[in-house]
Amino acid sequence: MSLGPPPAEYDADWVRAKYQTERDKRLRADGVDQFVEVTAGFSHYADDPYTERLERDPVTDHTQVLIIGGGLGSLIAAARLQEAGITDIRIVDTAGDFGGTWYWNRYPGAQCDIESYIYLPLLEELNYVPTERYAHGPEIRAHLQAIARHYGLYRNALLQTTVTGMTWNEITCHWEIGTDRGDRLTANLVAVSPGSLTRPKLPGIPGINEFGGHTFHTSRWDYDYTGGDESGNLTRLRDKQVGIIGTGATGLQCIPHLGRDAAQLYVFQRTPSTVAERDNRPTDPQWAAGLQPGWQRMRMENFTRVTCGVETDLDLTDDGWTRNALALTEPAVIRETARLGREMTPAEITEFLYRADWEAMERLRQRISDVVTDPKTAEALKPWFKLNCKRPGYHDDYLPTFNRPNVTLVDTDGAGVQRFTETAAVVAGVHYELDALIFATGFEVGTEFTRRLGFEIVGRDNVRLSDKWAKGMRTLHGLQSHGFPNCFFLGYTQSGVSPNYTHTAEERARHFTYLVSTWAQRGAATVEATSDAEEEWLAAMTAASEKPKAFYADCTPSYLSSEGEKDNPHGMLANNFGGKPTDFFDMLSAWRATGRLDGVEIS
Ligand code: NDP
């Protein structure tokens, strides 16, 4: 069919054709390989601009539990281990301090997009309530560092230290860990907690090497160049022509600051994001004072249940995430069934939810027309895909930024920047002269786990993890892999996934702590998944992946769908449990409750 302007009435065929056309513009044969790795000539993009490197002597010693990574997941795990009486813990991280994502991402405007009362971990343990509903980066980072202090984790930490490899020693039943500082560390148990959006990625645009202006990635913000700090005030950009590539969750948050301060800002857009109201506000002290013990866990669980369509009657968070879920998942079907007074067929349910999604997207597109004064710019900012094809965005200052006279949206109609010259970015033959170019282009996803990790894990019989996982991850419950005893994976490895990463990390830390405590109580040498149990979990994962695969099949590409590479064995779709996160969490909890340790050998 030929695609004219949107019809006045909802037309499912038109919508499908429109979404397909927009998706097709963006599908690329090179998929995740379109990005440049931050190694070799690009490695400086990953350097730490925040902490001066301190020299120290190499360390040679042994710890009971060594955790690689000092972010949110590792801090929760360390806290839960300590509560269980396991205190000999060492954390190693490349960064100059704790915080993980929140150590690195210090771009102006950085802010959690999940409500801070459920996103900031261990609030009750630290007797802390965030100051605003969606806290900003400095507060989150300070809280994560307060956790590290509270649990005494600095004492044993090796910061500014990058692990270079780890090898299992079958005789001592220890892991031997090497680092770039020449350390020789051993540990009974190792937890690998690298985060899932860690390694900055750059667009493989021709001439990226030739551009002679100043460049950096948003996760390594160069305040020496821009001036200002995380709250903005980028005074050194006042005479600069600045370009930014990337309009995802990060772009949404930093573009308003760049627009405010740069002499001229060019926003190079490949695909627009959805931008819903943020509605941030300071925490009500009366509400905070009335919180009862157990409140954070209850609120966190409720959010995950609502967002995956399980809880229908109680919505404690009541924000964009939960309201969308209530409108676009099973609760909406239940309401519609009641209205019709009969069961709906599967085809009717599909059509009903598709239309509900369209209506939600239409409201967001209307918001753009209402806010952005130039109609051509407004049209170019409109996203044409199902709401959850990309991580939904929330911001109140992003759209008005395009009403500023010094801000230009350069829409590339799905093609991206064509090439760079020494002084300019080129789109459709037009040269945009730039002093500086900022990459808000996200993080490596969909490549081999050990490539993103940055080192090899060598297990029993010298088997390398990169070989074992060459065709995708192989784990039991996402935490252990047969042949790699006493090694645990935290983070998003074959896990159920809540939009609130902290909840996922909590549930995994709980399971990890149970396994470690049981191992310690038994005075055992090893704890390992059996091969059979791993096979069973893989089968369950494969079955559960059908639903999300079907959802993403007609989505515009993104890191969530491996840039449209349907069968990428290293992508998020292949390597996360595709069922409801609550099913995954309940399954882990039921597994622990049996006390039988099915599929895990502790010997
Ligand atoms: P994303 O991967 O979401 O976005 C990358 C952006 O770069 C996209 O707009 C992409 O366009 C664009 N891009 C990539 N290559 C090119 C190219 N060649 N030409 C033009 N544009 C290009 O990264 P983000 O850093 O924005 O976000 C990553 C994730 O981090 C989020 O989804 C979220 O989970 C998390 N995050 C969370 C925050 C929070 O909680 N507050 C804040 C920020 C991030 P296209 O869409 O066409 O691929």
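Any read-out appearing in this document is the output of simple, stated calculations on the displayed coordinates, not a laboratory observation. This is a predicted model, so every value here is computed, not measured. Here Cβ is always computed from backbone atoms with ideal geometry, including for glycine, and neighbour counts include all displayed protein chains.
Which three semi-axes in whole Å describe the equivalent ellipsoid of the range 482-603, each the square root of 5 times a Cα gyration tensor eigenvalue, listed largest first?
29, 15, 13
From the convex hull of the Cα coordinates of the range 297-369, what is the mean projected area in square nanometres?
5.4
Size of the chain along its principal axes in angstrom, Cα-based, largest extent first?
Extents along the principal axes, in whole Å: 69, 65, 53.
For Leu291, Leu159, what ranking results if the residue with the fewest other Cβ atoms within 10 Å of its Cβ goes first?
Least to most surrounded, the residues fall as Leu291, Leu159.
Name the residues whose placed amide hydrogens come within less than 5 Å of the amide hydrogen of Val36, ignoring near sequence neighbours (fewer than 5 apart) on the same chain.
For Val36, whose amide H was placed from the backbone, the distant partners under 5 Å are Leu202, Gly204.
Enter the angle in degrees (range 0 to 90, nearest 10) between the Cα long axis of helix 581-594 and the first principal axis of the Cα atoms of the chain, meaning the one along which they spread out most.
10
Going by a ≥ b ≥ c, the root eigenvalues of the Cα gyration tensor, does the range 16-93 fall in the rounded group (a/c under 1.5), the prolate group (a/b larger than b/c) or the oblate group? Before the final figure, lay out the partial values.
Details: a/c = 3.80, a/b = 1.82, b/c = 2.09.
Taking the square roots of the gyration eigenvalues as a ≥ b ≥ c, the range 16-93 is oblate.
Dividing the Cα convex hull volume of the range 154-195 by residue count, how many Å³ per residue is that?
Dividing the Cα hull volume of the range 154-195 by its residue count gives 91 Å³.
Could you give the length gained by full extension between Glu210 and Ser589, i.e. 0.36 nm per residue of separation minus their alpha carbon distance, to one decimal place?
Length gained, Glu210 through Ser589: 131.1 nm.
Which order do Ser545, Ser481, Ser273 fall in if you start with the one that has the fewest other Cβ atoms within 10 Å?
Values: Ser545 17, Ser481 26, Ser273 23.
Ranking Ser545, Ser481, Ser273 by Cβ neighbours within 10 Å, fewest first, gives Ser545, Ser273, Ser481.
With only alpha-carbon atoms counted, please give the Rg and Dmax of the range 1-48, in Å.
Radius of gyration, then largest Cα-Cα span, for the range 1-48: 19.2, 54 Å.
Going toward the positive end of the dipole of the range 169-304, with +1 on Lys and Arg Cβ and -1 on Asp and Glu Cβ, which of Gly228, Ile177, Val267 do you reach last?
Going by the charge dipole, the pick is Val267.
Stick to Cα atoms and the Kirkwood definition of Rh, then tell me Rg/Rh for the range 307-433.
Values: Rg = 19.7 Å, Rh = 17.7 Å.
Result for the range 307-433 is an Rg/Rh of 1.11.
So what is the 222 nm mean residue ellipticity for the chain from helices alone, if each DSSP H run of at least 4 adds -39500 (n - 2.57) and you divide by all residues, rounding to the nearest 500 deg cm²/dmol?
Calculated mean residue ellipticity at 222 nm is -10000 deg cm²/dmol.
Specify the angular offset, from 0 to 90 degrees and rounded to the nearest 10, of the alpha carbon long axis of helix 501-521 from the longest principal axis of the alpha carbons in the chain.
For helix 501-521, the angle is close to 10 degrees.
Convert each backbone phi in the range 233-249 into a coupling constant with the Karplus relation 6.51 cos²θ - 1.76 cosθ + 1.60 (shift: θ = phi - 60°), then list the ³J(HN,Hα) values in order as whole Hz, x for Gly and Pro.
Calculated HN-Hα couplings, in order: 6, 7, 5, 6, 8, 5, 10, 10, 8, 10, x, 9, 10, x, 10, x, 4 Hz.
Give me a comma-separated list of calculated 3J(HN,Hα) values for the range 124-134, in order, Karplus coefficients 6.51, -1.76, 1.60 applied at θ = phi - 60°, integers in Hz, x for any Gly or Pro.
Rounded to whole hertz, the list is 5, 4, 9, 6, 9, 10, x, 7, 9, 4, 10.
Helix 295-307 against the longest principal axis of the chain: what's the angle in degrees, Cα atoms only, rounded to the nearest 10?
That works out to roughly 50 degrees.
How do Asp411, Asp224 line up, fewest other C-beta atoms within 10 Å first?
Fewest-to-most ranking of Asp411, Asp224: Asp224, Asp411.
Work out the length of the dipole vector of the chain about its Cα centre, built from +1 on the beta-carbon of each Lys and Arg and -1 on the beta-carbon of each Asp and Glu, and round it to the nearest 20 debye.
100
So which GluC sites (Glu not before Pro) in the range 162-256 pass both tests, a DSSP loop state and at most 16 other Cβ atoms within 10 Å of the Cβ?
Glu170, Glu210
Taking just the alpha-carbon atoms of the range 227-296, what radius of gyration and Dmax come out, in angstrom?
17.6, 52
Report the far tail of the P(r) of the range 359-461, meaning the percent of Cα-Cα pairs longer than 20 Å.
On the way: 3114 of 5253 pairs.
The calculated P(r) of the range 359-461 puts 59 percent of pairs beyond 20 Å.
Could you size up the charge dipole of the range 161-315 around its Cα centre, putting +1 on the beta carbon of Lys and Arg and -1 on that of Asp and Glu, and report it in debye to the nearest 20?
About 300 debye.
Please list, in order along the range 484-499, the HN-Hα scalar couplings obtained from phi with the Karplus expression 6.51 cos²θ - 1.76 cosθ + 1.60 (θ = phi - 60°), rounded to whole Hz, x for Gly and Pro.
The phi angles translate into 10, x, 6, 10, 10, 10, 9, x, 8, 10, 6, 10, x, 10, 8, x Hz.
If I measure Cβ to Cβ between cysteines in the chain, which ones have no partner under 4.7 Å?
Cys112, Cys173, Cys254, Cys308, Cys487
Restricting things to alpha carbons, tell me how big the range 79-185 is in terms of Rg and Dmax, in Å.
When restricted to the Cα atoms of the range 79-185, Rg and Dmax are 16.4, 52 Å.
Provide the descending list of Cα extents for the range 26-66 along its principal axes, expressed in whole angstroms.
Here the spans come out as 50, 28, 18 Å, largest first.
Report, as a whole number in µm² per second, the diffusion coefficient that Stokes-Einstein gives for the range 502-562 at 25 °C and 0.890 mPa s using the Kirkwood radius over alpha carbon pairs.
165
Is the shape of the range 447-547 rounded, prolate or oblate, going by the alpha carbon gyration tensor and its root eigenvalues a ≥ b ≥ c, with a/c under 1.5 for rounded and a/b larger than b/c for prolate?
It comes out rounded by the Cα gyration axes.
For the range 241-374, state the semi-axes of the equivalent ellipsoid (square roots of 5 times the eigenvalues of the alpha-carbon gyration tensor), sorted largest first and rounded to whole angstrom.
34, 25, 12
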